[in-house]
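Engineer: First the structure, then my questions, so here it is.
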Amino acid sequence: MDWNTIWQLIDPKLIIVVAACWIIGFMLKKTPKVPDWTIVYIVTVTAVVFTIWLTQFGPEAIIQGILSGAFAVYGNQVLKQTKKTGEPH
């Protein structure tokens, strides 16, 4: 399954959640006391909470939150890896 398919599964009104999670992940990455391995979990939980706040609690909100958080982390990694391809090995 490619990421375009997953992007289509995310409710369009939750684009703000994806953007917020991207920013939160970026800020956490710059925070020295936050271990890198925890960032994905913090972003995912934040996405679920924001999604429940914007919609209503239920299984769909949890799934939408997980998808939004995952897409934010994935987008960040794509940018990071794209920048790396130009670097000499």
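Engineer: Taking N as the number of residues in the chain, what is its alpha-carbon radius of gyration divided by 2.2 N^0.38 Å?
Structural biologist: Taking N as the residue count of the chain, the ratio is 1.15.
Engineer: Next question, about the same structure. To test your reading of the geometry: what angle, between 0 and 90 degrees and rounded to tens, separates the Cα axis of helix 59-85 from the longest principal axis of the chain?
Structural biologist: 10 degrees
Engineer: Nearest 10 degrees, 0 to 90: what angle lies between the long axis of helix 15-30 and the longest principal axis of the chain (Cα atoms)?
Structural biologist: On a 0 to 90 degree scale, this one is about 40.
Engineer: Taking the chain, how many lysine pairs are there with alpha carbons less than 24 Å apart, if each pair must be eight or more places apart or span two chains?
Structural biologist: Close lysine pairs found across the chain: 7.
Engineer: Compute the length gained on full extension between Leu9 and Ile42: take 0.36 nm times their separation in residues and subtract their Cα-Cα distance, giving the result in nm to one decimal.
Structural biologist: 9.7 nm
Engineer: What FRET efficiency comes out for the pair Leu79/Gln56, r = Cβ-Cβ distance, R0 = 25 Å, nearest 0.05?
Structural biologist: That gives a FRET efficiency of 0.20.
Computed from the coordinates by the stated procedures, all read-outs in this text should not be read as laboratory data. What you see is a predicted model, and the numbers here were worked out from it, not measured in a lab. Positions of Cβ are generated from backbone atoms using ideal geometry, with glycine treated the same way; all protein chains shown enter the neighbour counts.
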